[in-house]
Amino acid sequence: MTKSAKLYVGTVIGAGATALVGGIASGHFSSTAWLFVLAAVAAALIKVRLPMMKSTYSLSALVLLFGIFHFALADTLVAACCAALAQSLWNTKTRTGLLKASFNVANHVVSMAVCFTMAGYLRGLHWYEPAIFAAVAVSHFAINSGLTSGAVALSGGVAFSGICNEWYVWTAPYYLVGAALVGLLVGAGRWTGPNAWLILPPLLYLVHFFRAISRYHLTNTARPEPIVKLPARAAAYVYGVIVAGAGIGTLLVFMWPPSDLAKLAAFALLTVATSFCKIRLPGITGTLSLSFILLIVAVAELSLGDAVILAALAATVQCLWRPKRRPLPSQVAFNAACLVLSTAAAGGGSMLAAQYLPFDSLLAILAPAALILCGANTVMVATVLCLIEDRPLSHTLEGCNFWSLPYYLVGAVAAALMIACMRTTGWYSSVLVLPAMLMIYMSYRLHVARSGA
């Protein structure tokens, strides 16, 4: 082990020892703490071998995550120690040395101490509990995985990013499914309802999608060559969409001018930031970004004028940020017009749903908005692609939907959580949900890259 690796491991162990002593000295043990410790140890003994990975992953992290919201700091730290020891010593192919076992224990203690402190602070602000849980769950995974990856990278003399990618690619989606299940159980009867269980199907479908593209090497995914001149039909369609988008967008902005400029500015900054996080889709000249989550939220919570402004901003940034080829002005205008028209249609659909449906719920507004926004934008983009490439629309739609559907489904869940957060504790606290979606974005991007596409 190199000197830098020894220094790093020693620092983590020292931090873990300090956190453990401080947590035990300043806290108290619950009467049922022993049950929690036993559950954490039992979960640590259940090791899961994930697809395409040589190492195993235990379920103790999920039990410890539960403990953050139900037990005292001293309870969670002792449970983390016992779980880490059990995981390090039980059913291993090679004997675990004292240094490695100590590092594993310190890693668990540090991540739990930070997340416990974070949860306590956020709960003191009385923010939306599910959003707090999502932020804490992502932080726990990031800290635990980051500390482990750092030790492996320094010990082996390899790049930190490579180790992170290797470990992250499969643990992240499975962890999120488990964390969502824990969150639903944690909040049972307090801050979740029957509709909350709709979170799980999109996450499970995403894992199924990842497994499918990992088993089969995709073929015929080469990107089309750039078009020098649009065919007549495609040009007429493109400029027709641009004119329609500009006209309807301008009309909606005049009909519903921005009422809260500070709120619109905050959403504009978030829209720009999420537009930077984009994924290039195989086989088609298109990308996915996180900005569509903000558009769904805007349709439900802002005026329609605000929503179309954000749509135009999102499409423009997505086109101009680090493109493979410099886009033509007509391409930027067309993409912006498509997203403006899709957002306007989604806003109209949600208004009609809220007005005519016999029940009033978040799902009644969100479902039409998400379906129309994603469906309309996909159809308009697929139409121009089939006109340019002279392919059947059904074939182009199939390719677009294959890659975009899992991403959109999970994004709609994130949007629902953000909207619920905004309606409960204010729009500023809804940003707690975005790290979870960023985690999905990174995992999706890694899986697409590994598929050979």
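The values are calculated or read from the model by the stated rules, or taken from the named source; none is laboratory data. Everything numeric in this text was worked out from a predicted model, so none of it was measured. A quick note on method: Cβ atoms are made from the backbone with ideal geometry, for glycine too, and the neighbour counts reach across all protein chains shown.
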For segment 295-325: of the residues being surrounded by 24 or more Cβ atoms within 10 Å (Cβ to Cβ) and small (G, A, S), which is nearest to T271 (Cα to Cα)?
A314
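Only one residue in G183, G178 is small (G, A, S), under 18 Å from P435 (Cβ atoms) and surrounded by 22 or more Cβ atoms within 10 Å (Cβ to Cβ). Which one? Before the answer, list the steps.
Values: G178 fails: surrounded by 22 or more Cβ atoms within 10 Å (Cβ to Cβ).
Criteria check complete, one pass: G183.
Given the condition assigned to a helix (DSSP H, G or I) and among the basic types (K, R), answer yes or no: does some residue in segment 80-98 qualify? I'd like the intermediate steps shown before the answer.
To start, the set of residues in segment 80-98 that are assigned to a helix (DSSP H, G or I) comprises 80-89, 98.
Next cut, among the basic types (K, R) only: none.
No, the conditions are met nowhere in segment 80-98.
Results for (1) free of Cβ contacts under 8 Å to residues at least 60 places away in the same chain; (2) of a type in the set (S, T, Y), shown as yes or no for each residue.
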residue	(1), (2)
T250	yes, yes
V253	yes, no
P258	yes, no
I279	no, no
L310	yes, no
A333	no, no
S342	yes, yes
A345	yes, no
Select from segment 116-172 the residues that are touching a Leu at 6+ places or on another chain (Cβ under 9 Å) and among the β-branched types (V, I, T) and list them in ascending order.
T117, I132, V136, V138, V169, T171
Taking segment 2-24 and the residues there that are of a type in the set (S, T, N, Q) and without any contact (Cβ under 8 Å) to a residue 12 or more places away in the chain, the one that is surrounded by the most Cβ atoms within 10 Å (Cβ to Cβ) would be T18
Filtering segment 121-148 for residues that are under 15 Å from T11 (Cα atoms) and among the small types (G, A, S) leaves a count of 1
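Each row is one residue, and each column tells you yes or no for (1) surrounded by 13 or more Cβ atoms within 10 Å (Cβ to Cβ); (2) in the same structural domain as A307 (by TED's automatic domain parsing); (3) at pLDDT below 95.
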| position | (1), (2), (3) |
| --- | --- |
| R223 | yes, no, yes |
| P226 | no, no, yes |
| G240 | no, yes, no |
| V243 | no, yes, no |
| D260 | yes, yes, yes |
Tell me, yes or no, whether segment 374-389 has at least one residue that is of a type in the set (D, E, K, R), surrounded by fewer than 16 Cβ atoms within 10 Å (Cβ to Cβ) and more than 23 Å from the chain's Cα centre (by Cα).
no
Being surrounded by 17 or more Cβ atoms within 10 Å (Cβ to Cβ) and modelled with pLDDT under 85 is the requirement here; does V169 meet it?
yes
What do you reckon, is A436 over 30 Å from P231 (Cα atoms), in a helix (DSSP H, G or I) and under 12 Å from the mean Cα position of the chain (by Cα)?
yes
